[in-house]
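K.L.:
I am attaching a structure below and will ask some questions about it afterwards.
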Amino acid sequence: MTVSRRLLLAVVVVALLALSAGCLAYVTGGGEVDDETLDREPAEPYEFDVDRDGYLVVTTEANYRAVYNVTNREEVRLHRETGYGTEEPIDMRAFRVQYADGEIVNGSTFRAHGGEVEQTTDEIWVRFPDDREADSLAFTASSTPKRFVAKVPVEGAVEVVLPPDRRMDFFLFGNVAPRGYETEIRGDRQHVVWDDFTGETVIVQFYLQRDLWIFAGGLAIAAVIAVVGLYHYRRRIEELTRRRKEMGLDVEEEIDEYEDDDDPPPGLR
């Protein structure tokens, strides 16, 4: 079997595995979010009292805690994009709902009140009870190191809090979308705020502050190496020029001689 046929066979096998995995996920409905997962305790208490429609705190462990204003909402769709251009449910855990009267309940209690947390192959649907007015929805989900991407199911004032000692201002390492945001430093954390968020996806690429110093140090070292290399190169050229002069091989004089002579160079006369 030739190399090209082996490569083609490997591609076909991978495609079949991916297709079978997708079909299995479709048949099983993508899996259920069990009460144990929903009832987990968050790493830190949720900020239910913030005056934001969306408040997302990114952690150093590549997770984030989200609190959304769901007043007058019947349901909320939670999902994320895959690297293949498709959608999938977020890996939600530590689920909490705050009702309008201030009561905060976990996932199993929410379901006991008539609420629904339904997971499909593409998303998670959170549907609120008819007889209880929900005020806020909170949960924890996974992110990625140094790049936070989230589908935000609300509009209005949205705030993203970066992990401690992270920044996004330097254009080579940081990036934020959509535009129209403002930033503020509070303590050791940078906050990115949209006063009128109307999009769907928030992207914040950030870096450790020490990464910037490492980058600057690398540039400084590269500059020193370049200067030292140039210095040694010039010294080498000067040394070679001196030796040629000592040997009577003055290149500049030979060139001047040819320039002053109207006759063709030797060999062409």
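K.L.:
Looking at segment 24-39, can you tell me whether even one residue there is modelled with pLDDT of 85 or more, part of a loop (DSSP other than H, G, I, E, B), of a type outside the set (A, V, I, L, M) and buried (at least 17 other Cβ atoms within 10 Å of the Cβ)?
P.N.:
yes
K.L.:
May I pose another question? In segment 181-194, how many residues are part of a strand (DSSP E or B) and out of contact with any strand residue (DSSP E or B) (no Cβ under 6 Å at 6 or more places or on another chain)?
P.N.:
Matching residues across segment 181-194 total 2.
K.L.:
Give the residue that is farthest from the chain's Cα centre (by Cα), with candidates limited to residues of segment 76-123 that are among the polar types (S, T, N, Q) and farther than 21 Å from residue 54 by Cα.
P.N.:
109
K.L.:
Next up: Looking at segment 84-102, which of its residues are in a strand (DSSP E or B) and touching a residue at least 40 places away in the same chain (Cβ under 8 Å)?
P.N.:
Scanning segment 84-102 gives 88, 93, 94, 95, 96, 97, 98.
K.L.:
Give the residue, chosen from 160, 126, 154, that is surrounded by 12 or more Cβ atoms within 10 Å (Cβ to Cβ), within 15 Å of the chain's Cα centre (by Cα) and touching a residue at least 24 places away in the same chain (Cβ under 8 Å).
P.N.:
None of the other options fit; the residue is 160.
K.L.:
Which condition breaks for residue 227 when tested against (1) closer than 23 Å to residue 80 by Cβ; (2) outside any loop (DSSP other than H, G, I, E, B)?
P.N.:
Against the list (1) closer than 23 Å to residue 80 by Cβ; (2) outside any loop (DSSP other than H, G, I, E, B), residue 227 comes up short only on (1).
K.L.:
Could you grab me the full set of residues in segment 103-115 that are over 15 Å from residue 41 (Cβ atoms) and in contact (Cβ under 8 Å) with a residue 12 or more places away in the chain?
P.N.:
Scanning segment 103-115 gives 110, 111, 113, 114, 115.
K.L.:
Which one of these does residue 166 not meet: (1) among the charged types (D, E, K, R); (2) surrounded by fewer than 16 Cβ atoms within 10 Å (Cβ to Cβ); (3) within 20 Å of residue 47 (Cβ to Cβ)?
P.N.:
(2)
K.L.:
Across segment 163-198, what is the number of residues that are more than 12 Å from residue 57 (Cα to Cα), basic (Lys, Arg) and in contact (Cβ under 8 Å) with a residue 12 or more places away in the chain?
P.N.:
2
K.L.:
What are the pairs, 6+ residues apart or on separate chains, where a residue within segment 206-219 that is of a type in the set (S, T, N, Q) and surrounded by 12 or more Cβ atoms within 10 Å (Cβ to Cβ) has its Cβ under 8 Å from a residue that is modelled with pLDDT of 75 or more and not in a loop (DSSP other than H, G, I, E, B)?
P.N.:
209/166; 209/167
K.L.:
Looking only at segment 131-174, count how many residues are outside any strand (DSSP E or B) and not aliphatic (A, V, I, L, M).
P.N.:
16
K.L.:
Taking segment 230-260, which residues are at pLDDT below 80 and outside any helix (DSSP H, G or I)?
P.N.:
248, 249, 250
K.L.:
I'm trying to understand the selection: among the residues of segment 108-120, which are among the hydroxyl-bearing types (Ser, Thr, Tyr) and under 12 Å from residue 33 (Cα atoms)?
P.N.:
108, 120, listed by residue number.
K.L.:
To continue, here is another question. Contact list please: Cβ distance under 9 Å, first residue in segment 62-75 and within 11 Å of residue 130 (Cα to Cα) and modelled with pLDDT of 95 or more, second residue in a loop (DSSP other than H, G, I, E, B) and β-branched (Val, Ile, Thr), pairs at least six apart or on different chains.
P.N.:
So the pair list comes out as 73/154.
K.L.:
What pairs come up if the first residue lies in segment 34-60 and is of a type outside the set (Asp, Glu), the second is part of a helix (DSSP H, G or I), and their beta carbons are under 7 Å apart, counting only those six or more places apart or on different chains?
P.N.:
38/107; 38/108
The values are calculated or read from the model by the stated rules, or taken from the named source; none is laboratory data. This is a predicted model, so every value here is computed, not measured. Ideal geometry is used to build each Cβ from the backbone, glycine not excepted, and the neighbour counts take in all protein chains shown.
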